[in-house]
Amino acid sequence: MPELVSAARFIVICEGWTTGMGFSELAGFNSAVEHQEYAYNGLLGNVHTKQFGRSKPPSLSLKRALDAPGFAQIFAWHTMARMNNPLAKVPAVFMILDAAGETVASCVLENAWCARLELDPAQAGQSTVVMMKTTIECDTIILA
């Protein structure tokens, strides 16, 4: 039986960044292909099938504690995407590390961009850590 993964850390490294950015939570990893119904009348009667439809851009959502340098870096990347700047699409690598810091899974994200940036609700004077959630979309995810 294969060993189960107990992820301790998630890292995203984009082309042009001096270092990778660590995340504490993988909030979602999505890759989907829509389906289309296809019906026709054949020799044996009505036939209903499902065919491959449009593929949606793969995405991953990651969370980390808010810090000024990390927020500035992600915000700049997201701003480029919002402005339709072609430089916002960059090659990236997504890695899942175990508790010992060893890579247990790695994916190449082709033409990745920061599609969404969110901050968790926060209230002044509270001691809770403000979390930043980033959704990264890309053209293709390739298991490395």
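Taking all protein chains in place and a 1.4 Å probe, what share, in percent, of the accessible surface of the chain do carbon and sulfur account for? Present the calculation step by step, with values, prior to reporting the outcome.
Values: 5310 of 9630 Å².
Here carbon and sulfur together make up 55 percent of the probe-accessible area.
Considering the options ALA65, THR128, VAL47, tell which one lies farthest towards the positive end of the dipole of segment 1-143, charges being +1 on Lys and Arg and -1 on Asp and Glu at the Cβ, about the Cα centre.
So the residue furthest toward the plus end is VAL47.
Under the rule a/c < 1.5 gives rounded, and otherwise a/b versus b/c splits prolate from oblate, where does segment 62-144 land using the Cα gyration tensor?
oblate
Suppose every Lys and Arg Cβ carries +1 and every Asp and Glu Cβ carries -1, with no other charges. What dipole size does segment 32-107 come out with about its Cα centre, to the nearest 20 debye? Please list the in-between numbers first.
Working: 7 positive and 5 negative charges, 58 e Å.
In total the dipole reaches around 280 debye.
Hey, can you rank 42-49, 96-103 by average C-beta count inside 10 Å, highest first? Kindly include the intermediate steps, with their values, before the conclusion.
On the way: 42-49: 7.6, 96-103: 12.0.
Ranking the peptides 42-49, 96-103 by packing returns 96-103, 42-49.
Just how far, in whole angstrom, is segment 94-127 from segment 52-72 if you go by their alpha carbon centroids?
If we compute the Cα centre of each part, the gap is 7 Å.
Quick one: how many Å² of THR135 are accessible to a 1.4 Å probe, rounded to 10?
Counting only protein heavy atoms, the figure is 20 Å².
Once you place label points 7 Å from the Cα toward the Cβ at PHE52 and THR18, how far apart are they in nm?
Simple spin-label model gives 4.3 nm for this pair.
Can you tell me the 0 to 90 degree angle between the C-alpha axis of helix 68-82 and the longest principal axis of the chain, rounded to 10?
It works out to around 40 degrees.
Once you sort the root eigenvalues of the Cα gyration tensor of the chain as a ≥ b ≥ c, which label holds: rounded (a/c under 1.5), prolate (a/b larger than b/c) or oblate (the other case)? Don't skip to the answer; put the middle values down first.
On the way: a/c = 2.09, a/b = 1.76, b/c = 1.19.
It comes out prolate by the Cα gyration axes.
Run the dipole for the chain about the Cα centre, Lys and Arg Cβ at +1, Asp and Glu Cβ at -1, nothing else charged, and hand back the magnitude in debye, nearest 20.
Values: 10 positive and 13 negative charges, 70 e Å.
Here the chain has a charge dipole of around 340 debye.
For the chain, what relative contact order do you get, as a whole percent, if you take Cα pairs closer than 8 Å and at least 6 residues apart? Intermediate values should be presented prior to the final figure.
On the way: 300 pairs, mean separation 37.3, N = 144.
Across the chain, relative contact order equals 26 percent.
For VAL108, what accessible area in Å² do you get when you roll a 1.4 Å probe over the heavy atoms of the protein chains, rounding to the nearest 10?
Probe radius 1.4 Å; accessible area of VAL108 about 50 Å².
Heavy atoms of the protein only, probe of 1.4 Å, neighbouring chains included. What is the accessible area of ASP120 in Å², nearest 10?
That residue has around 60 Å² of solvent-accessible surface.
If you place +1 on the Cβ of every Lys and Arg and -1 on the Cβ of every Asp and Glu, how big does the dipole about the Cα centre of segment 1-67 come out, in debye to the nearest 20?
Numbers: 6 positive and 6 negative charges, 20 e Å.
Taking the Cα centre of segment 1-67 as origin, the dipole is about 100 debye.
Taking only protein heavy atoms into account and a 1.4 Å probe, give the accessible area per residue of segment 33-144 in Å². Mind dumping the intermediate values first?
Numbers: 7370 Å² over 112 residues.
Heavy-atom accessible area per residue stands at 66 Å².
The values are calculated or read from the model by the stated rules, or taken from the named source; none is laboratory data. Keep in mind the model is a prediction, meaning the values are calculated, not measured. Methodologically, a virtual Cβ is constructed for each residue, glycine included, from the backbone with ideal geometry; neighbour enumeration extends over all protein chains shown. Each accessible area value is taken on the protein alone, full model and side chains, heavy atoms only, with ligands, DNA and RNA left out. Shrake-Rupley method; radii C 1.70, N 1.55, O 1.52, S 1.80 Å.
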